[in-house]
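To start, the structure under review is shown below, and the notes come after it.
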Amino acid sequence: MKKVYLDNAATTAIDPEVIEVMTQVLKEDFGNPSSTHSFGRHAKNRLELSRKMIAKALNCSSQEIIFTSGGTEAINWVLRSAVADLKVKRIISSKIEHHAVLHSLEALENEFSIRIDYVDILPNGDVNTTHLVELLSDSIPTLVSLMHVNNEIGNELDIERIARICKQHEVYFHTDTVQSVGKTMLDLQQIPIDFLAASAHKFHGPKGIGFAFVRKGIVLQPLFHGGEQEKGLRSGTESLHNIVGMAKALELSLSSLEEHKNLISGLKKYTIEQFELHFPDFKINGNPNGFYNIINILLPFSEEKSAMLLFHLDMKGIAISRGSACQSGSAKPSHVLAEFLSEADRKKPSMRISFSHFNTKEDIDYLVSELKSIA
Ligand code: PLP
């Protein structure tokens, strides 16, 4: 059966060159980076070289990169430590964040009785910056946590502007860059972000590995206690093959960034043209000028047809998502779309199409022809 993967915001296929370096580490570099003998020293070298590669890609220093098991861990760690150790009394965030942020905030609110303020969302899914500035006029120790690229609708936040607003108000700024690292250039000398979270499996690297960026001079305490790995900030024997794979994946992604961006933007444009042609009443959920690899589409289908939509596409070998991957298969509506769609539109089927450079126009043609057979 034909297989079409259009769910790259959920996860991406690992680049064959990444598999190659990972296999080499698994076969040959099995030493523990904490061991002092040559096997350990060799592993430690590879570990630190990977950290350097990542730091160079983000224009920050190696000591500001701390490896974690992925985006979720990096987010949990930063938010918790900001409250427990940096004595933040309030977090400002938004209702359209990933659950890694939203559920962490709920836990911190219960445990530490901190205040959580949610910034308003505009009808196009963008963050209302004027409201953010209003909230910041209340001068209590605060951390702002706002995502760079929304994983469901692709809206892109101007993180440089938000970071500067946070600096002016002397509050910390954390951004969930899980959907943007590896897909756009981030210059951390230029953008005064305090913390960010990233995950390798979103940029053609392995699953179960990611990192946090923690600006030099900010002292967080660890989430786990144990050995001295990651300067004691993240104990546990390092997952070297994953770390080396992640560094390679980031290097490859950024070296072909412009080429891939052009290709993917072209596919997104083509998708919109095809929908305009075949489903003239479709709508784009979120900002139509969102990030280049994600589009969230509302289809003019009846409620009965919506129920079977993803199932039918899956039977035809097409992988797309109705919202966040974490919710796929569940009947729960998307918390992101719920924030700004009308009651009537929420009942209609919405689907997220997310591209990678492995996609082609034929993939879109196949999707459109299958959707036409349902409509
Ligand atoms: N934040 C966003 C925006 C995401 O899309 C995801 C993954 O779906 C995460 C965080 C969680 O990252 P990870 O899968 O590495 O834990």
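The values are calculated or read from the model by the stated rules, or taken from the named source; none is laboratory data. This structure is a prediction, so every number in the text was calculated from the model and none was measured. Methodologically, a virtual Cβ is constructed for each residue, glycine included, from the backbone with ideal geometry; neighbour enumeration extends over all protein chains shown. Areas reflect the complete protein model, heavy atoms only, side chains present, ligands, DNA and RNA absent. Shrake-Rupley method; radii C 1.70, N 1.55, O 1.52, S 1.80 Å.
Just need log10 I(q)/I(0) for the stretch 145-242 at q = 0.14, 0.18 Å⁻¹, Debye formula, equal scatterers on the alpha-carbon atoms, no solvent, rounded to two decimals. Here log10 of I(q) over I(0) equals -0.61, -0.95. Total lysine pairs in the stretch 179-316 at Cα distances under 21 Å, for residues eight or more apart or on different chains: 17. When peptides 344-353, 358-367, 144-153 are ranked by their average number of other Cβ atoms within 10 Å per residue, the highest-first order is 144-153, 344-353, 358-367.
Other residues whose C-beta falls under 11 angstrom from the C-beta of A100 contribute a net charge of -3, scoring Lys and Arg +1 and Asp and Glu -1.
Antiparallel beta bridges, as assigned by DSSP with both residues in the chain, represent about 55 percent of the total such bridges. Spin-label model, K87 to R161: label points 7 Å out along the Cα-to-beta-carbon direction sit 3.4 nm apart. In the assembled protein chains, R41 presents an accessible area of approximately 140 Å² (probe radius 1.4 Å).
Starting from the Cα coordinates of the stretch 213-323, work out the convex hull volume and express it per residue in Å³.
On the way: hull volume 24.4 nm³, N = 111.
Hull volume over Cα atoms, normalised by residue count, gives 219 Å³.
When the P(r) is computed for the stretch 234-275, the part past 16 Å accounts for 58% of the Cα-Cα pairs.
Indicate the gyration tensor shape class of the stretch 1-107 (rounded, prolate or oblate), computed on the Cα atoms with a ≥ b ≥ c the square roots of the eigenvalues: a/c under 1.5 is rounded; otherwise a/b larger than b/c is prolate and the rest oblate. Judged from the Cα gyration tensor, the stretch 1-107 comes out oblate (a/c at least 1.5, b/c at or above a/b). Rg and Dmax over the alpha-carbon atoms of the stretch 272-375 stand at 13.0, 36 Å. Length, then width, then depth: along the principal axes, the Cα atoms of the stretch 80-144 run 35, 27, 14 Å. Think of a 1.4 Å ball rolled over the protein heavy atoms: the chain then has 44 Å² of accessible area per residue. Across the stretch 289-294, computed HN-Hα scalar couplings (Karplus, 6.51 cos²θ - 1.76 cosθ + 1.60, θ = phi - 60°) run 9, x, 4, 5, 10, 10 Hz from first to last residue, x flagging Gly and Pro.
Can you check what the net charge comes to around I75, using other residues whose Cβ is under 10 Å from the Cβ of I75 (Lys, Arg +1; Asp, Glu -1)? Intermediate values should be presented prior to the final figure.
Numbers: positive: R80; negative: E73, E97, D176.
With Lys, Arg at +1 and Asp, Glu at -1, the neighbours total -2.
Here the Debye sum runs over all C-alpha atoms of the stretch 128-194 as equal scatterers in vacuum, and log10 of I(q)/I(0) at q = 0.14, 0.24 Å⁻¹ comes out as -0.41, -1.09.
By the rule of a C-alpha distance below 14 Å, with chain neighbours fewer than 8 residues away ignored, the aspartates and glutamates paired with K372 are E276, D281.
Can you give the calculated 222 nm mean residue ellipticity of the chain, where each DSSP H run of n ≥ 4 adds -39,500 (n - 2.57) and the sum is split over every residue, rounded to the nearest 500 deg cm²/dmol? Don't skip to the end; give the middle numbers.
On the way: 12 runs with 156 residues, N = 375.
Rounded to the nearest 500, the figure is -13000 deg cm²/dmol.
For the stretch 241-298 versus the stretch 1-63, the inter-centroid distance based on Cα atoms is 24 Å.
At a 10 angstrom cut-off on C-beta neighbours, averaged per residue, how do the peptides 278-289, 59-70 rank from highest to lowest?
Details: 278-289: 16.2, 59-70: 19.0.
Output ranking for 278-289, 59-70: 59-70, 278-289.
Expressed as a whole percentage, what fraction of the accessible surface of the chain belongs to carbon and sulfur atoms when a 1.4 Å probe is rolled over the protein heavy atoms? It would help to have the intermediate numbers written out before the result.
Details: 8540 of 16380 Å².
After summing per-atom areas, the C and S share lands at 52 percent.
Computed over the chain, the range of Cα coordinates on each principal axis works out to 64, 54, 34 Å, biggest value leading.
Determine, at each q value in 0.10 (inverse angstroms), the log₁₀ of I(q)/I(0) that the Debye formula gives when each Cα of the stretch 40-159 is one equal point scatterer. Those come out to -0.39, one per q.
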